[in-house]
Amino acid sequence: MSSRVKMASAIVIGGVLAITVAVGFAQAQDAKNNASASRTTTLKPTAVSTAKINPALLRKPEAPARVDWSAAVMQSRAAPINTLNLKAARDPKAPTIQPLAARLPRQELDKTRLPMLMPKTGGMIKIDKAKVVSFGDAYSLNLPQDKGMQLTLMGNRSMIKADRGMISAKARAKVNGVAETVRITKLEDGWTASFRRYGVLYTVDLLCEDLQSASCATDGYLRAAIADISEVSLGAEAMKEAQAAGVK
Amino acid sequence: MKRLVLIPLLLLAACDQTGTGGGTSSSSASSSSSESSAASSSSASSSSESSSSIALPDFPHDPATQLAAGSGSGYADLSNWAPGICFPLADTPAYANSQVYRPGGSARPSEPSQCAAENYSYPWQDNFCESRSWSNPLCNSGQGHQGQDIRPKTCKSNLYWAVAPEDGVVTQMGSMTVAITGNAPPHRVYRYLHMQRSSLRVALHDTVVRGQKLGLVSNNLGVNSQGQQQYTTIHLHFEIRVGQTETLSDGTVLSADDFVPPYTALVDSYQRKLAGDCPTVE
Ligand SMILES: [Zn+2]
């Protein structure tokens, strides 16, 4: 869109907004009047307006996290058990695609600029209905399991700086078979866990239809699942970045 | 007495991307409209040619972090963790408040009707970190409610649409849950709970644009072990989760994906909604 068209659009929309401001204001006023008429609901004075918020409180993402490509590439080559990885063993520039990843759309893998952590082959996690979507510097893998459960695994290089102590001073768990400490939290509809590996944030959600079921009543199933999520695949963009970082 | 709040509103987001279906960043939360008056003067590069000061309607709302009396020790963070998002309901008014410490909630057993006028009235009230057994690192007590509860316009289930907060992708579909992951960094995850399953207009990994209808707000609380439907009050439970990082003095970097308080972002989004931002996309 040209800047002139943008300006024109801005002016038109500005006018529309000016009108809708009045409408919205009236709507809010009506609701307020209804509320006042209904019962002793206290209409306290409006206190904090977002206009007064310190810009420092507008949380903005940091630059994409630096990936430990060396460790990621090493792990991605740990199990060269399919033809794509055999090729990778001969050609260091070739993407390393593990068996689960090989079933997923190659386009999504290749545009993902981070190590794609996935369930290990033959482990406890069912992978037959796996679906992946890539955001470039993040991806989300959906893994339907038995009995209405589903796992969602997200890898993300884009994070916001936390206040001091918000991670270090809060509870993190040790999980058998997992090197990193893990944040584990019960959800209203399941469990979630997150940890940092290769410089990337990984999150595993377990959604449960029946929260009282054996797999959802405690975090035991989720912990076992995290330990099973150990394969790494690197698509074309990730491998390109690893090469640029000097990884052989 | 009502006040008008003057906030420069960046308009490019609305004219360039909304409704295109393929927009990836400029209309999404991290870069779009109303990142506060202060932010627009310095950080928003397009503001010089596209911003315009308009009056946004204020509305009665208690301040962020001020929870219902006796409902917990709350939290301290006033940040807007999702600047520029669309208010997650298509219709106004809507009422952010507690489902427990209000009529129809377990803390008010003598007032059993969730449809009491008190529940469908301003002012809004924050209920992030309200007393719950779930862990939540941002709460002063280390545990508490992980989102903000919002009642729709009237006390009717399966009538009011929940809409997408920013351009993104549907990354979770549970029995009562829809999650949207934002296209733009930091790829916030917005989770909508208590949706009517049969009304959902989106499927897993569908792309959505800000303001797009997702499904109807209901009282769905999933099913129990016997397959029986469970119910809560009629409301949207709205969560925002953001990846965060902390560098320790020895250089160690830690990361976690934590719930953040939605209230400040919701107040801002609601003011813009009342001013016409985020038209509903079918
Ligand atoms: Zn809730």
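The values are calculated or read from the model by the stated rules, or taken from the named source; none is laboratory data. What you see is a predicted model, and the numbers here were worked out from it, not measured in a lab. Methodologically, a virtual Cβ is constructed for each residue, glycine included, from the backbone with ideal geometry; neighbour enumeration extends over all protein chains shown. To get the accessible areas, we keep the full protein, side chains included, count just its heavy atoms, and leave off ligands, DNA and RNA. Shrake-Rupley method; radii C 1.70, N 1.55, O 1.52, S 1.80 Å.
Numbers at a glance
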| read-out | value |
| --- | --- |
| Highest to lowest packing among A:172-180, A:66-74, scored as the average C-beta count within 10 Å | A:66-74, A:172-180 |
| Fraction of accessible area attributable to carbon and sulfur, the range B:100-197 (%, probe 1.4 Å) | 52 percent |
| Summed buried accessible surface, chains A and B, 1.4 Å probe, nearest 100 Å² | 7700 Å² |
| Separation of alpha-carbon centers, the range B:100-152 and the range B:181-229, rounded to whole Å | 20 Å |
| Positive minus negative residues near B:Val100 (Lys, Arg vs Asp, Glu; Cβ under 15 Å) | -2 |
| Neighbour net charge for B:Gln114 - beta-carbon separation under 14 angstrom, K R +1, D E -1 | +1 |
| Cβ neighbours within 10 Å from other chains - mean over A:151-159 | 6 |
| Ellipsoid semi-axes in whole angstrom, largest first, where each is sqrt(5λ) of the Cα gyration tensor of the range B:95-275 | 27, 21, 17 |
| For B:Gly222, residues with placed amide H under 5 Å, excluding near neighbours | B:Gln230 |
| Packing rank of B:266-278, B:224-236, B:186-198, A:207-219, where each peptide gets the mean count of other beta carbons within 10 Å, highest leading | B:266-278, B:186-198, A:207-219, B:224-236 |
| Cβ-based net charge around A:Ser215, under 14 Å, with every Lys or Arg adding one and every Asp or Glu removing one | -3 |
| Shielding by partners, peptide A:195-207 (average Cβ within 10 angstrom, other chains) | 4 |
| Relative contact order [Cα under 8 Å, 6+ residues apart], the range B:95-275, whole percent | 19 percent |
| Where the range B:95-275 is the region considered: accessible area per residue in Å², 1.4 Å probe | 27 Å² |
| Over 20 Å (Cα to Cα) - which of A:Lys60/A:Lys240; A:Lys120/A:Lys170; A:Lys120/A:Lys186; A:Lys60/A:Lys161; A:Lys129/A:Lys240; A:Lys131/A:Lys161 fall in this group | A:Lys60/A:Lys240; A:Lys120/A:Lys170; A:Lys120/A:Lys186; A:Lys129/A:Lys240; A:Lys131/A:Lys161 |
